[in-house]
Amino acid sequence: MIKSMTGFGRCETAENNRKFTVEMKSVNHRYLDVNIKMPKKLNFFESAIRSELKNYISRGKVDLFITYEDFSENTSSVRYNKELAAEYLGYLKRMASDFDLDCDIRVSTLSKYPDVFVMEEQDIDEEELWKELQRALKGACEMFVQTRITEGEHLRDDLIAKLDGMLKLVDFITERSPQIIAEYRQRLEERVKELLCDTTVDEGRLLTEVTIFADKVCVDEELVRLRSHIETTKNTLVAGGSIGRKLDFLAQEMNREANTILSKSNDLEISNCAIELKTEIEKVREQIQNIE
């Protein structure tokens, strides 16, 4: 099977008074490029998340969104910083003495100074938290991969149909090419007879001219290579796997052969056929960009 680089996945898990929601989407990209958006308290899992994603994805620009909710009652606590409060109090008393002021310090006043009271998150079991996050991540990845496979199958079927159409164009050029030589010989012979007023034509000279012409317009090698590239592309699509880069290379080679055929052609039908081949190759190449 082949995979498209366009996909979407989502999974939501809730257990132990914690809820994780993971969403991911991707578009085509030359390499694997992952952008993760998640709460800061989960940042220490980033490396593990990236490693997990590599088990499911090899290419594509992936946007990953993680939300986390903790419904536990004791998720945070207040810490009283006695040392800092004492330092504040000492400076306030010194200020009162320096400026001969009343020292009217109250607890409610002192408690409002920065960091006297600090909210702290309770220690969490990182291993247990990762297991829950990993479960949600795997669920989203499995859905994500399935959407990629589904679209990849559609791409494969459409590409094979286009490649079969290209083989018909190659068949036409293969059949038409020898006819061009025969037609050229006939035109040349008629022209010579016309110029020489029906004098006997020098067959040796005529054969030489036809041979030179045939060598200039011969595209046999290009047709063999083009047919081979098309068949290889079809076989690669059927075999499946991570084939995007290989298919892109084959499309470049097909385009090279079609260009050569077009440049050698002096026949309208073959020229039109070569132009159609180039058009179909470009369509194939565009679709290949979406294959992982």
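Loop-located chymotrypsin sites (Phe, Trp or Tyr not before Pro) across segment 83-137 with a Cβ neighbour count of 10 or fewer within 10 Å are Phe99, with loop assigned by DSSP.
Once you have the Cα-Cα distance between Ser263 and Val27, take 0.36 nm times their residue separation minus that, and quote the gain in nm to one decimal.
81.3 nm
Cross-link pairs exceeding 18 Å in C-alpha to C-alpha distance, out of Lys162/Lys264; Lys25/Lys61; Lys41/Lys138; Lys40/Lys112; Lys19/Lys61, comprise Lys162/Lys264; Lys41/Lys138; Lys40/Lys112; Lys19/Lys61. A cut-off of 5 Å between modelled amide H atoms, ignoring neighbours fewer than 5 places along the same chain, links Gly60 with His29, Tyr31, Leu32, Asp33.
One Cα centroid belongs to segment 232-292, the other to segment 13-52; the line between them spans 38 Å.
Rounded to two decimals, the Cα-based Rg/Rh of segment 76-121, with Kirkwood Rh, is 1.08.
The average projected area of segment 123-174, computed from the convex hull of its Cα atoms over all directions, is 5.0 nm². Set the Förster radius R0 to 45 Å, insert the Cβ-Cβ distance between Asn17 and Leu84 as r into 1/(1 + (r/R0)^6), and round the FRET efficiency to 0.05. Here the calculated transfer efficiency is 0.85. Between Glu142 and Ser108, the distance separating the two model label sites (each 7 Å from Cα on the Cα→Cβ line) works out to 5.8 nm. Once both labels are modelled 7 Å past Cα along the beta-carbon direction, what's the Arg256-Asp164 spacing in nm? Between Arg256 and Asp164, the label points sit 2.9 nm apart. Note on segment 1-122: Kirkwood hydrodynamic radius from all Cα pairs is 19.1 Å, rounded to one decimal.
Rule-based calculations on the coordinates, nothing more; no lab input. The shown structure was predicted, so the numbers you read here are calculated from the model rather than taken from an experiment. Every residue, glycine among them, receives a Cβ derived from its backbone with ideal geometry; neighbour counts consider all protein chains shown.
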